[in-house]
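The values are calculated or read from the model by the stated rules, or taken from the named source; none is laboratory data. Predicted model only: the values in this text are computed from it and were never measured. Counting neighbours? That spans all protein chains shown, and the Cβs are built from the backbone with ideal geometry, glycine included.
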Amino acid sequence: MEIELPEIVREMLGEEYVVVSRSGISIGKMLDSVELLSMGAEAYIFKAKFMGVDAIVKWRFPKPYMPKELDNQLRRYRTELEAKIIWKALSIGVKVPIPLFTDLEDCLIIMTYVNGENLRDVVGVIDNEKLCNLTRTVGFYTGVLHKNNIVHGDLTTSNVIVDRDDVYIIDFGLSTISKRVEDKAIDIHIFFRSVESAHSRFEELMKRCFVDGYKDAVGEDAANRVLKTVRNIRLRGRYIAERKLRSEWIL
Ligand SMILES: Nc1ncnc2c1ncn2[C@@H]1O[C@H](COP(=O)(O)OP(=O)(O)O)[C@@H](O)[C@H]1O
Ligand SMILES: [Mg+2]
């Protein structure tokens, strides 16, 4: 399917930037080699070169079925929040792509490209020890985010990129700022659910290693409080948890 590039991307394809070096001036294109990587319900993801750097362009496209004003407001709000939360995550030591350019008018974030594979695709390919270490890091980063009251909102194995031994958390498009134990527990519940549905053979190992990493970040007591709430959410059942998720995801 042909996707029409957003106006701002088309502009940047023509724009040139100037690098002044001691030996003279060199000129390059702002954006180059744009290719469509993924089409989500909210955003299109392009891979491109941005001023010579491998980058991802995340564009929240206008939704024709939504009232225009509301759609614009929501897309702008989400783009701004995502960029702010990525910056915050960076500053607290969580590995995330680095934002290179944000445009709130066109609802676009350009960020560094992480050269790796989704955790989802490497489970079952790598050995158990490595899988445990990677999942422990995901748990650790989740704990660091939660300590800073950042709730990821869509913590699945598709939103984790593995670059050799490094783990990057991506897709903060549904993130929120919240102190509530319940919201943090929902993050973990979503991660557990993604492990159960996509990687059931490794469920026990991945949950255990995730929890170990989470405890490393927040401490035993705080972790146990959140994990108790995770158990309650699961006891209350799918229906209520998901109804809550849906109502929050609308924002
Ligand atoms: N910074 C990045 N580096 C490498 N790949 C990325 C990056 N951001 C997104 N991707 C790829 O694009 C996919 C979709 O991006 P994501 O931000 O998760 O959007 P969506 O909201 O559509 O899930 C990811 O699963 C990943 O494979
Ligand atoms: Mg995603």
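Below is a table of values for the structure above.
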quantity: Candidates N115, N149, filtered to the one that is within 24 Å of A55 (Cβ to Cβ), touching a residue at least 24 places away in the same chain (Cβ under 8 Å) and either in contact with a strand residue (DSSP E or B) (Cβ under 9 Å, 6 or more places away or on another chain) or within 16 Å of ligand 2 (Cβ to nearest atom) (or both); calculated: N115
quantity: Only listed residue being part of a helix (DSSP H, G or I), within 16 Å of ligand 1 (Cβ to nearest atom), under 30 Å from N148 (Cβ atoms) and in contact with a strand residue (DSSP E or B) (Cβ under 6 Å, 6 or more places away or on another chain), chosen from A89, A83; calculated: A83
quantity: Selected residue (only one of I25, I45 is within 29 Å of the chain's Cα centre (by Cα) and either surrounded by 11 or more Cβ atoms within 10 Å (Cβ to Cβ) or in a strand (DSSP E or B) (or both)); calculated: I45
quantity: Residues of the range 77-89 classified as under 22 Å from Y113 (Cα atoms) and surrounded by fewer than 17 Cβ atoms within 10 Å (Cβ to Cβ), total; calculated: 3
quantity: Options R225, R136; residue that is over 24 Å from T79 (Cα atoms), touching a residue at least 40 places away in the same chain (Cβ under 8 Å) and surrounded by fewer than 17 Cβ atoms within 10 Å (Cβ to Cβ); calculated: R225
quantity: M66, sole failed condition from (1) closer than 23 Å to A223 by Cα; (2) more than 16 Å from ligand 1 (Cβ to nearest atom); (3) not in a helix (DSSP H, G or I); calculated: (1)
quantity: Single residue of I56, I150, I161 found to be within 16 Å of the chain's Cα centre (by Cα), in the same structural domain as Y44 (by TED's automatic domain parsing) and not polar (S, T, N, Q); calculated: I56
quantity: Close pairs (6 angstrom Cβ cut-off, 6 or more residues apart or separate chains): closer than 14 Å to L134 by Cα in the range 183-210, small (G, A, S) and surrounded by 17 or more Cβ atoms within 10 Å (Cβ to Cβ) anywhere; calculated: F210/G139
quantity: Residue selected from the range 172-199 under the condition of a type in the set (D, E) and touching a strand residue (DSSP E or B) at 6+ places or on another chain (Cβ under 7 Å), by the criterion nearest to ligand 1 (Cβ to nearest atom); calculated: D187
quantity: Odd one out for K179, checked against (1) at pLDDT 95 or above; (2) within 17 Å of the chain's Cα centre (by Cα); (3) not in a helix (DSSP H, G or I); calculated: (2)
quantity: Any hit, the range 101-111, residues being surrounded by fewer than 21 Cβ atoms within 10 Å (Cβ to Cβ) and of a type in the set (A, V, I, L, M, F, W, C); calculated: yes
quantity: Test: residue in the range 201-209 that is part of a helix (DSSP H, G or I) and within 16 Å of ligand 1 (Cβ to nearest atom); calculated: no
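Results for (1) at pLDDT below 95; (2) more than 14 Å from ligand 1 (Cβ to nearest atom); (3) over 22 Å from W59 (Cα atoms), shown as yes or no for each residue.
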site: R120; (1), (2), (3): no, no, yes
site: L134; (1), (2), (3): no, yes, yes
site: V138; (1), (2), (3): no, yes, yes
site: H152; (1), (2), (3): no, no, no
site: I161; (1), (2), (3): no, no, no
site: D165; (1), (2), (3): yes, yes, yes
site: I170; (1), (2), (3): no, no, no
